[in-house]
Amino acid sequence: IRPDKGEISIDKQNLSDIKLADYYRHIGYLTQDPSVFDWTIHENLVYALDKEPTKKELEKVIQDSKCEFIREFKNWVETEIWERWVRLSWWQKQRLAIAKIMLKNPNIILLDEPTSALDSFNEEQVNIALHNLFKGKTVIVVAHRLQTVKQADRIIFIEQWKIIEEWTHQELVKLGGKYKKMLDLQSWF
């Protein structure tokens, strides 16, 4: 979508001057409900890639994305999965979606509530996988569950479309404002 007025610059380039299809190769997007096709795990991981990953690359990504559960399947990455991830749990599909982004290796990653449907144990494992993904990337996370953003370089707390607080996790906790109150409500027990 092009802006009606003003301009958007990314990497000192005007977005209007960039062929967007080329730019999308550099962007990874993860929602709380990633899409899947009625294919094998392998086909779902590689369908949007420019080249087939090596077995070594695939092994590393499976490890970094915390997808070791794949090894439990009889056919490993050749295991068939169906639309809407019928054979996989929520945490399994999130980890596979992270693996897919790792294989794509984009420079910019957008995450929209990536851990909202997970229990605490699996949220922790997905967060480990996400932080493996984040190395050397620009990452924008939209999240209500603050565990997902605690390690961010900069947290922007938005309420009714206005920036209320902005800083690191530690500084926002010291500030004792709305971020701290939300954090306390999420970790009260």
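Structure above, values below:
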| item | result |
| --- | --- |
| Fraction of beta bridges assigned by DSSP in the chain that are antiparallel (%, nearest 5) | 45 percent |
| Low-density loop cleavage sites - trypsin sites (Lys or Arg not before Pro) in the range 72-122, where at most 14 other Cβ are within 10 Å (DSSP) | LYS74, ARG87 |
| Solvent-accessible area, 1.4 Å probe, carbon plus sulfur percent, for the range 79-189 | 54 percent |
| Alpha-carbon centroids, the range 85-123 and the range 1-48: separation in whole Å | 16 Å |
| Contact order relative to length of the range 1-101, as percent, for alpha carbon pairs under 8 angstrom and 6 or more apart | 35 percent |
| Whole-number accessible area per residue in Å² for the range 61-189, which is evaluated in the context of all protein chains at 1.4 Å | 61 Å² |
| Nearest-ten-degree value, helix 120-134 long axis tilted from longest Cα axis of the chain | 90 degrees |
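The values are calculated or read from the model by the stated rules, or taken from the named source; none is laboratory data. Since the model is a prediction, treat every value here as computed from it, not as a measurement. Because the Cβ atoms are built from the backbone with ideal geometry, glycine has one as well, and the counts that use them run over all protein chains shown. Accessible surface is based on the protein model in full, side chains and every heavy atom, while ligands, DNA and RNA are left aside. Shrake-Rupley method; radii C 1.70, N 1.55, O 1.52, S 1.80 Å.
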